[in-house]
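Undergrad: Sharing a structure here in structure tokens format.
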Amino acid sequence: MDEQDWIILKVLYEKKNITKTAESLYISQPSLTKKIQQIEKEYQTEIVKRGTKGVHFTPQGEYLAQCADEMLNRLQQIKDTVSNMGEEVSGTLRLGVSNYITRHKLPHLLKLFREQFPKVNYKVTTGWSRDVFNLAYNGDVHIGMVRGDYQWSDSKFLLFEENLCVASLEKIEIRDLPSLPRIEYETDALLKTMIDNWWSGQFSKAPFIGMEVDKADTCMEMVVNGLGYGILPSVLVQDHQNLHLIILKDKKGNPIVRRTWMFYHEKSLETKIVKEFVEFIKKLDFKSTI
């Protein structure tokens, strides 16, 4: 089996559907079916059964699908090692990056890095910080950029810190928040827990949610237009001088801080592109980089 075969097994196991798998891999259904038949011939066993609701894996097929991640990671390690043997810094740098950093930081960071190392390619996976953390932990990416204090036992580097704050167009008081319309947004579980814990320590009633939006950037725009208040990380509102900000504080009067980290496995520094990128990030004033 080659790399494409393992990718097919991985995606088919996730989708459980021939049509969706073919679409995801940009191949025709007949080509996908032929590939599956070749795998079955190689192992002399049936690996999937077609049904009215998609495909079902046989025990043998399920075992092979579960091996797919391990095999793909091993193949990637081999590629990284081969690329690392040359004098030049080249190869593919795999990054897992939280949504905020992807939108506001990453394009410029990669532009600066590419100016130094033009032969490096990138594979970037974005998502909520918890998902990025899992990618880094499992070795699916070389480096994870994660917002929040997740428990990480390997190498890490603090990128920046920020306060959480109540942001509003008009001046408001903390004591009035339960009766004022709050703009709620989707975010990672760790930040939501921080906000909820602060709220429950301040008030005995639930917030009045006047609007729900998809992300923090959208929440900020609604706040700027006077449609309610939001509880937001300070990096999102620091450039809006017309907003009134109240820094959230814990029971001891200390500002509630959210940290953003770069996580990586120390062993991965044996790969030139990873080592160079880590050193590059450590030299930057990450928070001010645009």
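Undergrad: Can you name every residue in the stretch 104-135 that is surrounded by fewer than 16 Cβ atoms within 10 Å (Cβ to Cβ) and aromatic (Phe, Trp, Tyr)?
TA: Result: Tyr122, single match.
Undergrad: If we scan the stretch 207-214, do we find a residue that is within 21 Å of the chain's Cα centre (by Cα) and among the β-branched types (Val, Ile, Thr)?
TA: Of the stretch 207-214, the ones within 21 Å of the chain's Cα centre (by Cα) are 213-214.
If we keep only those that are among the β-branched types (Val, Ile, Thr) too, we end up with 213.
Among the residues of the stretch 207-214, at least one is within 21 Å of the chain's Cα centre (by Cα) and among the β-branched types (Val, Ile, Thr), which makes the answer yes.
Undergrad: In the stretch 204-245, which residues are more than 19 Å from Glu186 (Cα to Cα) and in contact with a Lys or Arg (Cβ under 9 Å, 6 or more places away or on another chain)?
TA: Hit for the stretch 204-245 is His244, nothing else.
Undergrad: Please enumerate the residues belonging to the stretch 25-57 that are surrounded by 15 or more Cβ atoms within 10 Å (Cβ to Cβ) and more than 17 Å from Asp2 (Cα to Cα).
TA: Val48, Gly54, Val55, Phe57
Undergrad: Name the helices (runs of 4 or more DSSP H) wholly inside the stretch 193-290 in which the number of residues that are touching a strand residue (DSSP E or B) at 6+ places or on another chain (Cβ under 7 Å) and assigned by TED's automatic domain parsing to the domain that holds Ser168 is 3 or more.
TA: Working: elements: 216-224, 234-237, 272-283.
Once the helices (runs of 4 or more DSSP H) in the stretch 193-290 are filtered for at least 3 residues that are touching a strand residue (DSSP E or B) at 6+ places or on another chain (Cβ under 7 Å) and assigned by TED's automatic domain parsing to the domain that holds Ser168, what remains is 216-224, 234-237.
Results for (1) over 16 Å from Ile281 (Cβ atoms); (2) part of a loop (DSSP other than H, G, I, E, B), shown as yes or no for each residue.
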residue	(1), (2)
Ile78	yes, no
Thr81	yes, no
Leu93	no, no
Thr102	no, no
Arg114	no, no
Asn121	yes, no
Gln151	yes, yes
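Undergrad: Give the residues of the stretch 1-20 that are among the hydroxyl-bearing types (Ser, Thr, Tyr) and within 14 Å of Phe57 (Cα to Cα), sorted by residue number. Show your work before the answer.
TA: Going through the stretch 1-20, the residues among the hydroxyl-bearing types (Ser, Thr, Tyr) turn out to be 13, 19.
If the condition is that a residue be among the hydroxyl-bearing types (Ser, Thr, Tyr) and within 14 Å of Phe57 (Cα to Cα), then Tyr13 is the only one that fits.
Undergrad: Ok, one more. For the subset of the stretch 176-198 comprising residues that are touching a residue at least 24 places away in the same chain (Cβ under 8 Å) and under 12 Å from Gly148 (Cα atoms), which member is nearest to the chain's Cα centre (by Cα)?
TA: Taking the stretch 176-198 as the starting set, the residues that turn out to be touching a residue at least 24 places away in the same chain (Cβ under 8 Å) are 177-191, 194-195, 198.
Then keep just the ones that are under 12 Å from Gly148 (Cα atoms); that gives 187-191, 194.
Values: Thr187: 12, Asp188: 10, Ala189: 13, Leu190: 13, Leu191: 14, Met194: 19 Å.
Top of the filtered list is Asp188.
Undergrad: Restricting to the stretch 133-149, name every residue that is within 26 Å of Asn121 (Cβ to Cβ) and either of a type in the set (Val, Ile, Thr) or assigned to a loop (DSSP other than H, G, I, E, B) (or both).
TA: First, pick out the residues of the stretch 133-149 that are within 26 Å of Asn121 (Cβ to Cβ): 133-147.
Result: Asn138, Gly139, Asp140, Val141, His142, Ile143, Val146.
The values are calculated or read from the model by the stated rules, or taken from the named source; none is laboratory data. Quick caveat, the model's predicted, so the values are computed rather than measured. Positions of Cβ are backbone-derived with ideal geometry, glycine not excepted, and every protein chain shown enters the neighbour counts.
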